[in-house]
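The values are calculated or read from the model by the stated rules, or taken from the named source; none is laboratory data. Keep in mind that this is a model prediction, so the values were computed, not measured. Virtual Cβ from ideal backbone geometry, glycine too; neighbours counted across all protein chains shown.
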Amino acid sequence: MAKKKGSGVKKGKKPHKNKPTSKKYKMFKIEGEKITRQRNCPRCGPGVFLAKREGRVHCGKCSYTEFIKTETKK
């Protein structure tokens, strides 16, 4: 008898993978009565925060990037 193609391999729906939860609580700092927020994206508006990277801040949604000037010592 001839073997069937792809025997032993099931096709169909892929198993559900859990996504990591958003960590927006890290974007806020509470010091007593004062609440400070991390910078928002000027293009996307409030609710979309800028990520801090080496020498720049970056928006993951619209790719807005702002470079931070660093002072060099002579």
Sole residue being under 30 Å from Glu71 (Cα atoms), at pLDDT below 90 and of a type outside the set (A, V, I, L, M, F, W, C), chosen from Arg37, Arg43, Arg56: Arg37
Pairs where the first residue, in the stretch 20-34, is surrounded by 10 or more Cβ atoms within 10 Å (Cβ to Cβ) and the second is among the acidic types (Asp, Glu), C-beta under 8 Å, 6+ apart: none
Filter result (of a type outside the set (Asp, Glu), touching a strand residue (DSSP E or B) at 6+ places or on another chain (Cβ under 7 Å) and in a strand (DSSP E or B)) within the stretch 48-74: Val48, Phe49, Ala51, Arg56, Val57, His58, Thr65, Phe67
Residues that are free of Cβ contacts under 8 Å to residues at least 12 places away in the same chain and either among the hydrophobic types (A, V, I, L, M, F, W, C) or touching a helix residue (DSSP H, G or I) at 6+ places or on another chain (Cβ under 6 Å) (or both), drawn from the stretch 38-51: Ala51
Which numbered condition Lys52 misses (of (1) charged (D, E, K, R); (2) surrounded by fewer than 10 Cβ atoms within 10 Å (Cβ to Cβ); (3) within 12 Å of the chain's Cα centre (by Cα)): (2)
